[in-house]
Structures are given as structure tokens and as C-alpha cells.
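Take a look at the structure set out below.
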Amino acid sequence: MEKQPYVLIVDDDPDILSGIVTVLESQPYRLATARDGKKCIEMIAQEIPDLLILDLLMPRMDGWGVIREMRSEPRYANVPIMVLTTVIEDASRRRYELETGMAMDVQEYLQKPIKPTELIQCVKELLKGHVR
């Protein structure tokens, strides 16, 4: 039996989390959710996901902090990250570069709202070759 890809979805808005889960439940994925960056990092320490879907504006630790932490830890450095946020991409990338001095290393950047078919297609593409 083929292993189901593990997708971790992180967003502080319960309605957004529920919507993403509802869309992705139609696919052969194992899904988990977190409501902030700190919980996300705790969950990743327990099990490294095949894909991280990440909001940027969250309490406790924002998405930029999660990206910074993941890219500085060799065990997590290759996990594909899809940013799904309301923040305009150029502004987001500039903020990250100003704070870290590095380019933001994410594999996909999408703005909310997103069509379910687009979300499914992006997740499929990012998981190709990344399932552990």
C-alpha cells in the first residue's frame, strides 16, 4: 500500500483551516492542522510533513518565523512550503529579506481566497517527488 502524503496546514483562522481541510479531504492525504507557528514547529518536531501549507499572519509565531526556523534546521530544510495568505507577495518577500538578509525560500506563494481546484493542483505539484 502506498504511503499517504502528510500535509500540515497552519492558519489561525478556524474557518480557513476548515475550508482547506474540506477541500483536501477529497484527496489521498493525511492532514493535520495547527493554529499558530509555535504549535506548527512542535508538530514538525514530532513528524516532518511532506508539505507545509502556511499562513503568514498568526499569533505566537508568525509564518515568517516558521520559515526562518525551518530553513535553518537541516532536518526540515527540504520540506516544501506553500504560503497561503492575504499578504501581497512582494511586500512579504521584502519583509522577510529585511528581517533575515536572505530570500524567502518557499516553493509556492498563493493569495487568499483560492479556488479549490487551484489548491488541489498546487498541492499535487508540490508533493511530486517530496513524499518521504
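What the table shows:
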read-out	value
Residue satisfying condition, being surrounded by 14 or more Cβ atoms within 10 Å (Cβ to Cβ), of a type outside the set (Asp, Glu) and either without any contact (Cβ under 8 Å) to a residue 60 or more places away in the chain or touching a Cys at 6+ places or on another chain (Cβ under 8 Å) (or both), within set 53, 48, 114, 88	114
Meets criteria (among the small types (Gly, Ala, Ser), within 25 Å of residue 15 (Cβ to Cβ) and in contact with a helix residue (DSSP H, G or I) (Cβ under 6 Å, 6 or more places away or on another chain)) for residue 91	no
Residues located in the stretch 94-126, provided they are part of a loop (DSSP other than H, G, I, E, B) and farther than 14 Å from residue 20 by Cβ	101, 102, 103, 104, 105, 106, 107
Residue tally, condition open to solvent by 10 Å² or more (accessible area, probe 1.4 Å), touching a helix residue (DSSP H, G or I) at 6+ places or on another chain (Cβ under 8 Å) and in a helix (DSSP H, G or I), over the stretch 66-85	2
Residue in the stretch 18-39 that is surrounded by fewer than 15 Cβ atoms within 10 Å (Cβ to Cβ), charged (D, E, K, R) and more than 27 Å from residue 129 (Cβ to Cβ) present	no
Which listed residue is over 18 Å from residue 36 (Cβ atoms) and of a type outside the set (S, T, N, Q), from 106, 87	106
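The values are calculated or read from the model by the stated rules, or taken from the named source; none is laboratory data. This structure is a prediction, so every number in the text was calculated from the model and none was measured. Here the Cβ is made from the backbone with ideal geometry for all residues, glycine too, and neighbour counts use every protein chain on show. Please note that ligands, DNA and RNA were not included when accessible areas were found on the heavy atoms of the full protein model with its side chains. Shrake-Rupley method; radii C 1.70, N 1.55, O 1.52, S 1.80 Å.
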